Amino acid sequence: MPKLFHIQEDIVVREYPLNVGDFTVGRNPGNTLHVDDGTVSGEHAVIHVRPSPYLEGQIEAVIEDLDSTNGTRINGRRIDRHRLKHDDLIQIGSLSLRYFDEQTQPYDSTRIFLPDDPEQGG
């Protein structure tokens, strides 16, 4: 099961399992991850967690910025949509989250590379 690790000063302070469905992040209390931070929009981003259309029995996660004021960054790059990969660093305002996908660890078997933007196909 994929997870998010909330990181502060290189220390994991909390872990969030990502179950199939939508995981929302924002300043509004109704979000899955409520962030009390003025740099985070009320409805900032959503992570869509779905069964992979490419690999049977696997899960994929796609993060989408919801037209937030300050944007969503993956590994330092501003994105609109991005297919998450193991060890991606998600930055939402001052919040830092590390994506962990144990189904891809270790890399001792065949690798399949999919585009970061799921709209590009795979």
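The values are calculated or read from the model by the stated rules, or taken from the named source; none is laboratory data. Note that the coordinates shown come from a computational prediction; the quantities given were computed from them, not determined experimentally. Cβ sites come from the backbone with ideal geometry, for glycine too, and all protein chains shown count toward neighbours. Only protein heavy atoms, including side chains, enter the accessible area calculation; ligands, DNA and RNA are left aside. Shrake-Rupley method; radii C 1.70, N 1.55, O 1.52, S 1.80 Å.
General observations
- In the set V25, V49, V62, only one residue is in contact (Cβ under 8 Å) with a residue 40 or more places away in the chain, surrounded by 13 or more Cβ atoms within 10 Å (Cβ to Cβ), assigned to a strand (DSSP E or B) and touching a helix residue (DSSP H, G or I) at 6+ places or on another chain (Cβ under 7 Å); that residue is V62.
- Lone qualifier among V62, V25, V13, V46 - being over 12 Å from the mean Cα position of the chain (by Cα) and among the hydrophobic types (A, V, I, L, M, F, W, C): V13
- The single residue among I11, I63, I59 that is out of contact with any Pro (no Cβ under 7 Å at 6 or more places or on another chain), at pLDDT below 95 and not small (G, A, S) turns out to be I11.
- Selection of the range 28-46 for residues being open to solvent by 60 Å² or more (accessible area, probe 1.4 Å) and either outside any loop (DSSP other than H, G, I, E, B) or closer than 18 Å to M1 by Cβ (or both) yields T32, H34.
- When the range 1-15 is filtered for residues that are in a strand (DSSP E or B) and under 20 Å from R81 (Cβ atoms), only L4 remains.
- Pairs where the first residue, in the range 1-13, is surrounded by 16 or more Cβ atoms within 10 Å (Cβ to Cβ) and the second is part of a loop (DSSP other than H, G, I, E, B), C-beta under 6 Å, 6+ apart: P2/L18; P2/D101
Here is a yes/no grid of residues against (1) closer than 15 Å to L4 by Cβ; (2) in contact with a Pro (Cβ under 7 Å, 6 or more places away or on another chain); (3) at pLDDT 95 or above:
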residue	(1), (2), (3)
I79	no, no, yes
L84	yes, no, yes
I90	yes, no, yes
L97	yes, no, yes
D101	yes, yes, no
Q105	no, no, no
T110	no, no, no
E119	no, no, no
G122	no, yes, no
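- Selection from the range 65-89 of residues that are closer than 21 Å to V35 by Cβ, in a loop (DSSP other than H, G, I, E, B) and charged (D, E, K, R): D67, D80, D88
- From the options D80, D67, residue that is acidic (D, E), out of contact with any Leu (no Cβ under 7 Å at 6 or more places or on another chain) and surrounded by 13 or more Cβ atoms within 10 Å (Cβ to Cβ): D80
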